[in-house]
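The values are calculated or read from the model by the stated rules, or taken from the named source; none is laboratory data. Given the structure is predicted, the values throughout are model-derived calculations rather than measurements. Using ideal geometry, Cβ is built from the backbone for each residue, glycine included, and neighbour counts are taken over all protein chains shown.
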Amino acid sequence: MGNDTGLTLRTILRDVLSLSEERAAALDAETGLFGAMPELDSMAVAGLLTEIEDRFDIIIEDDEVDGEMLETFGALLTFVDGKRGA
Amino acid sequence: MNAGWPCPGPGGPTEELAVTFDRQRRHRLLIVPPLFDEMNRTRRFLIETMRRLDIVGVDSVLPDLPGCNESVQAFEAQSLYSWRKAMAQAAAHFRASHVLAVRGGALVFPNALPGWVLEPVKGASLLRQMLRARTLAGREAGLAESSAELLEIGREEGLDLAGYRLGAALVAGLESAMPLDEGQREIRQSDLGGGALWLRAEPGEDPGQANALAAIIAEGIAA
């Protein structure tokens, strides 16, 4: 489950941030996202979350979105895994 | 390459611009662009697709939606209805034989024409994403706005979203709008290969995707 989610999440980040395959593959749990990647402004985060909802068929509520969940690739993966399991 | 066309507007018709590859050929494709920022992110991709269609003998036209791009009309005055009327008018003016509607363009395209819709999107999804961008930006600025509250205001008074001033009619229209395709062929992103260009935080282009889209259209028109 985690593996599969991780792969899809990598693809989404690659598409939204126009990452090379190498950079997408190099994303790990510690890789910083919001605040660390200048491309990730509020519009890009909104696009990212909407795409995550579409591909995983989940709904992310306003109050679930915070700096912590978007801080690292690992945090975002944990959040999405939690939503999928719920 | 740029042509003017008479577009209906609240104060009477205005002259709006379209990018055209027009050699008065038999097959003429109207491209209805995506809405909001997705229009900017896909513009180069769509024009690259038009160049390829020109080479294989298909005319194409990409009009501005009134209120968008070079348009002289006010964005705030627009609604899905005004965009539908405008695109129907553009189809008639340029004598389009086929149509390609991209993303939110599928909410406003003249669906009596044969053609294609590329990854059509519901109005509610576009609205949700823009509301989310606003609440996220607000939170960074220390404001506590919720999507639900904003939507309530937007229905009554209009709303600033993603750098656009949406009138109340546009907000209300987007909430319930579904793609209008009726028999047009649906093209998925996976048919084009690569990541969707409208998702990209920075606008870009992809020659491979333009090749793939032009090939699908050219083949369909010739069939």
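Can we say B:ALA3 is more than 19 Å from B:ARG103 (Cβ to Cβ) and part of a strand (DSSP E or B)? The answer is yes for B:ALA3.
Here A:LEU33 fulfils each of the conditions (1) under 24 Å from B:LEU131 (Cβ atoms); (2) without any contact (Cβ under 8 Å) to a residue 40 or more places away in the chain apart from (2). Note on region B:52-70: residues that are free of Cβ contacts under 8 Å to residues at least 60 places away in the same chain and either in a helix (DSSP H, G or I) or among the hydroxyl-bearing types (Ser, Thr, Tyr) (or both) total 3. Going through (1) polar (S, T, N, Q); (2) part of a helix (DSSP H, G or I); (3) in contact with a helix residue (DSSP H, G or I) (Cβ under 9 Å, 6 or more places away or on another chain) one by one, B:GLN89 falls short only on (3). In region B:45-52, is there at least one residue being in contact with a strand residue (DSSP E or B) (Cβ under 7 Å, 6 or more places away or on another chain), at pLDDT 95 or above, surrounded by fewer than 19 Cβ atoms within 10 Å (Cβ to Cβ) and closer than 23 Å to B:ALA201 by Cα? Among the residues of region B:45-52, at least one is in contact with a strand residue (DSSP E or B) (Cβ under 7 Å, 6 or more places away or on another chain), at pLDDT 95 or above, surrounded by fewer than 19 Cβ atoms within 10 Å (Cβ to Cβ) and closer than 23 Å to B:ALA201 by Cα, which makes the answer yes.
Is it true that A:PHE34 is crowded, with 17+ Cβ neighbours inside 10 Å, within 11 Å of the chain's Cα centre (by Cα) and at pLDDT below 90?
yes
The set of residues from region B:1-44 being of a type in the set (Gly, Ala, Ser), surrounded by fewer than 20 Cβ atoms within 10 Å (Cβ to Cβ) and modelled with pLDDT under 95 comprises B:GLY11, B:GLY12. Give the residues of region A:19-49 that are within 9 Å of another protein chain (Cβ to nearest Cβ) and charged (D, E, K, R), sorted by residue number. Within region A:19-49, A:GLU39, A:ASP41 qualify. Check region B:31-41 and report whether any residue there is closer than 26 Å to B:MET178 by Cα, assigned by TED's automatic domain parsing to the domain that holds B:TRP198 and part of a strand (DSSP E or B). Looking through region B:31-41, at least one residue is closer than 26 Å to B:MET178 by Cα, assigned by TED's automatic domain parsing to the domain that holds B:TRP198 and part of a strand (DSSP E or B). Report whether or not A:VAL16 is surrounded by 17 or more Cβ atoms within 10 Å (Cβ to Cβ), more than 17 Å from B:LEU199 (Cα to Cα) and facing another protein chain (nearest Cβ under 9 Å). So A:VAL16 fails the test.
Taking the conditions (1) more than 30 Å from A:ILE52 (Cβ to Cβ); (2) touching a Pro at 6+ places or on another chain (Cβ under 9 Å); (3) small (Gly, Ala, Ser) in turn, B:GLY115 satisfies each one other than (2). Checking each residue in region A:45-86 for being surrounded by fewer than 14 Cβ atoms within 10 Å (Cβ to Cβ), of a type in the set (Asp, Glu) and more than 13 Å from the chain's Cα centre (by Cα) picks out A:ASP57, A:GLU61, A:ASP63, A:GLU64. Of the residues making up region B:128-171, just one is at the interface with chain A (Cβ under 8 Å from one of its Cβ atoms) and among the acidic types (Asp, Glu), namely B:GLU140.
Among the residues of region B:95-127, not one is away from chain A (no Cβ under 14 Å) and over 22 Å from B:ARG185 (Cα atoms).
Which of the residues belonging to region B:200-214 are without any contact (Cβ under 8 Å) to a residue 24 or more places away in the chain and not in a loop (DSSP other than H, G, I, E, B)?
Across region B:200-214, the qualifying residues are B:GLY208, B:ALA212.
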